[in-house]
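Chemist: Before I ask anything, let me first share the structure, which is written out below as structure tokens.
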Amino acid sequence: MKSTEEYVRFLEGKGFTFGNDAIGFIYFGKRYTDASDILVNAAIELTLKVQKNFDGSFYISFLENLKQNGIETRNGAISFAMEQGLLK
């Protein structure tokens, strides 16, 4: 399991760019929801897949929904996104 910091560096190595505002949203959302690195990383991944870039407000809203629905794993987050019609 990668920490959120490691995951962001991994994505940057794959060509995604995160400005300071995006990094701020990532860590604000993590603190605000008290989410685990696993859940934060899944929310980042799914935000990028759904929005095609990093959208901070979508990310925070999605992360809140994951927490409110008791989702704790990446697979659970993917299933939840599919159930919500965000992924096909």
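Chemist: Show the residue pairs meeting these rules: Cβ distance below 9 Å; 6+ apart or different chains; first residue within region 19-41 and surrounded by 15 or more Cβ atoms within 10 Å (Cβ to Cβ); second residue among the small types (Gly, Ala, Ser) and in a loop (DSSP other than H, G, I, E, B).
Modeler: Pairs that qualify, where the first residue is surrounded by 15 or more Cβ atoms within 10 Å (Cβ to Cβ) and the partner is among the small types (Gly, Ala, Ser) and in a loop (DSSP other than H, G, I, E, B), are Gly29/Ala35; Lys30/Ser36; Asp37/Ser3; Asn41/Ser3.
Chemist: OK, next. Can you tell me which residue in region 1-18 is surrounded by the most Cβ atoms within 10 Å (Cβ to Cβ), limited to those that are within 18 Å of Leu46 (Cβ to Cβ) and among the basic types (Lys, Arg)?
Modeler: Lys2
Chemist: Continuing with this model, one more query. Let me spell it out: the conditions are (1) crowded, with 22+ Cβ neighbours inside 10 Å; (2) farther than 20 Å from Phe18 by Cβ, and Gly85 meets all of them except one. Which number is the exception?
Modeler: Unmet condition: (1).
Chemist: If Gly19 meets every condition in (1) in contact with a helix residue (DSSP H, G or I) (Cβ under 6 Å, 6 or more places away or on another chain); (2) at pLDDT below 95 apart from one, which number is that one?
Modeler: (1)
Chemist: Would you please list the contacts, defined by Cβ atoms under 9 Å and residues six or more apart or on different chains, that run from a residue in region 52-70 that is within 14 Å of Ala42 (Cβ to Cβ) to a residue that is of a type in the set (D, E, K, R)?
Modeler: Within 9 Å, the pairs are Leu63/Lys30; Leu66/Glu72; Lys67/Asp34.
Chemist: Tell me which residues, restricted to region 20-32, are among the hydroxyl-bearing types (Ser, Thr, Tyr) and within 12 Å of the chain's Cα centre (by Cα).
Modeler: Across region 20-32, the qualifying residue is only Tyr27.
Chemist: Inspect region 31-44 for any residue being basic (Lys, Arg) and closer than 24 Å to Leu87 by Cα and give the result as yes or no.
Modeler: Within region 31-44, none of the residues are basic (Lys, Arg) and closer than 24 Å to Leu87 by Cα.
Chemist: Where residues in region 34-87 are over 12 Å from the mean Cα position of the chain (by Cα) and not in a loop (DSSP other than H, G, I, E, B), which of them is farthest from Tyr7 (Cα to Cα)?
Modeler: Glu83
Chemist: Right, next: Within region 1-16, which residues are assigned to a helix (DSSP H, G or I) and in contact with a helix residue (DSSP H, G or I) (Cβ under 8 Å, 6 or more places away or on another chain)?
Modeler: Once the filter is applied, which keeps residues that are assigned to a helix (DSSP H, G or I) and in contact with a helix residue (DSSP H, G or I) (Cβ under 8 Å, 6 or more places away or on another chain), region 1-16 yields Thr4, Tyr7, Val8, Leu11.
The values are calculated or read from the model by the stated rules, or taken from the named source; none is laboratory data. Because the structure is a prediction, the values reported are computed rather than measured. Every residue, glycine as well, gets a Cβ built from its backbone with ideal geometry; the counts of neighbours run over all protein chains shown.
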